[in-house]
1. Rounded to the nearest percent, how much of the accessible area of the chain (1.4 Å probe, protein heavy atoms only) is carbon and sulfur?
2. What aspartates and glutamates could a cross-link reach from residue 66, if we take a straight Cα to Cα line under 20 Å and drop same-chain neighbours fewer than 8 places away?
3. Rg and Dmax of the stretch 68-168, using alpha carbons, in Å: what are they?
4. Beyond 15 Å, how much of the Cα-Cα pair distribution for the stretch 58-101 remains, as a whole percent?
5. For the chain, what is the calculated [θ] at 222 nm in deg cm²/dmol (nearest 500), taking -39500 (n - 2.57) for each run of four or more DSSP H residues and dividing by its residue count?
6. Quick one: dipole size for the chain, taken about the Cα centre, charges +1 on Lys/Arg Cβ and -1 on Asp/Glu Cβ, in debye to the nearest 20.
7. In the structure displayed, which of 105/154; 28/105; 72/105; 72/96; 96/128 lie more than 23 Å apart, Cα to Cα?
8. Ignoring ligands, DNA and RNA, what accessible area per residue does the chain give at 1.4 Å, in Å²?
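The values are calculated or read from the model by the stated rules, or taken from the named source; none is laboratory data. If you're wondering where the values come from, they're calculated on a predicted model, not measured in any experiment. Methodologically, a virtual Cβ is constructed for each residue, glycine included, from the backbone with ideal geometry; neighbour enumeration extends over all protein chains shown. Accessible surface is based on the protein model in full, side chains and every heavy atom, while ligands, DNA and RNA are left aside. Shrake-Rupley method; radii C 1.70, N 1.55, O 1.52, S 1.80 Å.
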Amino acid sequence: TRQQFLAELTAELQRQIIDIFPGEIRVKLSSNWPQETQEASAFDETWEADIRNGYTRNGAHNVDVKIQIENKNIAGIFSRGQIKLFVCLLMLAQAKNQAERTGVKPVILIDDYMAELDMTASEYLLTKLAESQFQVLLTNTEQQKVIKNKEIYKSFHVEHGRVSEIPV
């Protein structure tokens, strides 16, 4: 069920973030129908009106994810860099959950991973990505900064369709 998946995801996310974002995390789903109403019945109740209106009001597309640490919404207390790091760790937690459920390791792509992150945050993210043992593709628009663990990755420069490896 959705709630079981959310509980598993939250537990993995807590493990991913505990070193950098201490505190109890809560991930909640917020929908536009009463909590005691099941999604299927909420969908059924508005089916005819939805057909007349040409769009669906109730359903999975109309659920907000609210994330809190120590009962505070992260959107109100985190900087842009902290939110980016948090979202990347959330994605990693979801990838680990998927790998455990299916036995298939996903490929992770993070575009412009250094944007908004300071060196401490980027090192933390790179360490967590390396620990995952997933294949990871990162892009970066800045000159390469000093990064530890250079033996675990390769860097490439792409310009005008030409790809060349950058020695690390």
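1. 51
2. Within the straight-line cut-off, residue 66 pairs with 8, 12, 24, 36, 39.
3. Calculated on Cα positions, Rg and Dmax stand at 15.2, 49 Å.
4. 58
5. Numbers: 6 runs with 71 residues, N = 168.
Mean residue ellipticity, 222 nm, calculated: -13000 deg cm²/dmol.
6. Details: 19 positive and 23 negative charges, 65 e Å.
Rounded to the nearest 20 debye, it is 320 debye.
7. Among 105/154; 28/105; 72/105; 72/96; 96/128, the Cα-Cα distance tops 23 Å for 28/105; 72/105; 72/96.
8. Ligands and nucleic acids excluded, the figure is 67 Å² per residue.
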